[in-house]
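Accompanying notes for the structure given below.
The values are calculated or read from the model by the stated rules, or taken from the named source; none is laboratory data. Quick caveat: nothing in here was measured; it's all calculated off a predicted structure. When we count neighbours, we look across all protein chains shown, and the Cβ atoms used for this are built from the backbone with ideal geometry, even at glycine. When the accessible area is computed, the model is the full protein with side chains, heavy atoms only, and any ligands, DNA or RNA have been set aside. Shrake-Rupley method; radii C 1.70, N 1.55, O 1.52, S 1.80 Å.
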Amino acid sequence: RYRGLTLVLTFLCYTSYHLSRKPISIVKSQLHPNCSALGPNPHNDSNSSTWCSWAPFDGDNYKELFGALDNAFLVAYAIGMFISGIFGERLPLRYYLSGGMVLSGLFTALFGLGYFWDIHVLWYFIVVQVCNGLVQTTGWPSVVACVGNWFGKGKRGLIMGIWNSHTSVGNILGSLIAGVWVSSAWGLSFIVPGIIIAAVGIICFFFLVEYPEDVGCNPPLHHVMTTNEKDPEAVTSNEGPLSISGQSSTDHSDSPTEPAEEPEAISFLGALRIPGVVEFSLCLLFAKLVSYTFLYWLPLYIVNVAHFGAKEAGDLSTLFDVGGILGGIFAGLISDYTGGRATTCCVMLVVAAPMLFLYNHVGQNGISTSIAMLIVCGALVNGPYALITTAVSADLGTHESLKGNAKALSTVTAIIDGTGSIGAALGPLLAGLISPTGWNNVFYMLIAADVLACLLLARVVVKEVRGWCGYMARKRGYVR
């Protein structure tokens, strides 16, 4: 029951993190709407075509300013993530996580209060975004470390694939909640999510259990393994055709139950030396670039290309996240069965590239086509992203080269997601710079990023394929 409680609480925590990030993409279309569709200016006789826009986003450079808002959050998030994992490994996760959530709720609400306080200076919104980006880095390393503390490797891909749907659920709820007030009082589109994440943070403080040992439960075996021991759950994974980790000795120590000396938390450079960390981190950089470009720009793209209203575009964009839920579960299930995390990611990335091209060219030909394409693209784009940030991060954070040291999960997770967050910062920024030249060019950029993400995993895929060939040869008796 404590495992279930941990899954539910961490799910709710990160759902609320993404719920609080989503409103900015919904509100963009209201900060610079099509004023001519609303008729003449009811307040005066001005012929301004941007009379209903919110300054300072009422100029022709509004897309660049939107890109600056996104980038302020994402650059701060990327920089803070590398530091956050180190703190998360050394501080009580319950305090660290809940404190970050309460602060995130504060800064999210402050952005919305700019509407009620009638603030029209860019620096206010930029500063709030930077602060929010920094405090939100408390989330991901903490929740992955908590889940990793409670679960071994056997079904990790499927369990974390289902659990990782919190990202898409948060995006969907954030879109729907922000859409309620986007046309009437857009400040509430931020204030309400801010209150929600702060409230969940308080619940987390009182009920989250960090380690099984805290409540007298037996920990997963990667917490107590000695140098010569091997996780039996990992045997199941390694006996599959593909595996990202190599074989280890099957010899057992003479006293497996003897308490081991408390290991020190791994260093940043030590985490980088774990096989696969660099490759998956760089792959995630480009995979997250694509995912976050959709997160921040898809509603505006639908408004501009399909000519829907702000609320309708926000509701339709949630289908991309519905696909993301399905893609994350599918990627986790397949990678558990095959043991090939990198191969699963590569196959999905290869298929995603032509699907993005098709969505841009035929995805707006009808509502049914748009729905189908958004779900398929969401599954293929977010599937690899979900797999790398969850099961792969947890696998590498408990890699056999660590010799049972459990104090690496938060640092490894932070390195992988921090590198990915650099791509998350670049994607929306590039989209803001490229979109004035045409949406086709934005999609060409996304396709190129998908291809690069796939190529960066080539070495790991080759290793997995060789493992597959060796496994099949041994199974058929060609090799002893």
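Sorting 64, 210 by accessible area puts them as 64, 210; the probe is 1.4 Å, largest comes first, and only protein heavy atoms count.
The Cα center of region 275-295 and the Cα center of region 166-192 differ in position by 26 Å. Taking 0.36 nm per residue of separation and subtracting the current Cα-Cα distance, fully stretching the chain between residue 350 and residue 462 would add 38.8 nm. Distance between the modelled labels on residue 272 and residue 312, one decimal in nanometres: 5.1 nm (7 Å Cα→Cβ projection). Charges on Cβ only, +1 for Lys and Arg, -1 for Asp and Glu, centred on the Cα centroid of region 45-187; of 114, 95, 74, which one is farthest towards the dipole's positive end? Of 114, 95, 74, it is 95.
3J(HN,Hα) along region 313-321, derived from phi through the Karplus expression 6.51 cos²θ - 1.76 cosθ + 1.60 where θ = phi - 60°, amounts to 5, x, 5, 5, 5, 5, 5, 4, 6 Hz, with x in place of Gly and Pro.
Counted residue by residue at 0.36 nm each, then reduced by the alpha carbon distance between them, the extension gain from residue 3 to residue 195 reaches 66.4 nm. With θ taken as phi - 60° and the Karplus curve 6.51 cos²θ - 1.76 cosθ + 1.60 applied, the whole-hertz 3J(HN,Hα) list for region 350-363 is 5, 6, 5, 4, x, 5, 5, 4, 5, 4, 5, 9, 10, x Hz, x standing for glycine and proline. Whole-Hz Karplus values for region 410-421 come out as 5, 5, 4, 4, 5, 5, 5, 6, x, 5, x, 5 Hz, taken residue by residue from phi with 6.51 cos²θ - 1.76 cosθ + 1.60 and θ = phi - 60°; glycine and proline positions read x.
Ligands, DNA and RNA excluded, the heavy atoms of residue 317 present near 0 Å² of accessible surface to a 1.4 Å solvent probe.
Scaling against 2.2 N^0.38 Å puts the C-alpha radius of gyration of region 316-468 at 1.13. Roughly speaking, what is the stretch gain from residue 357 to residue 35, that is 0.36 nm per residue apart minus the C-alpha to C-alpha distance, in nm to one decimal? Roughly 112.8 nm would be gained on extension.
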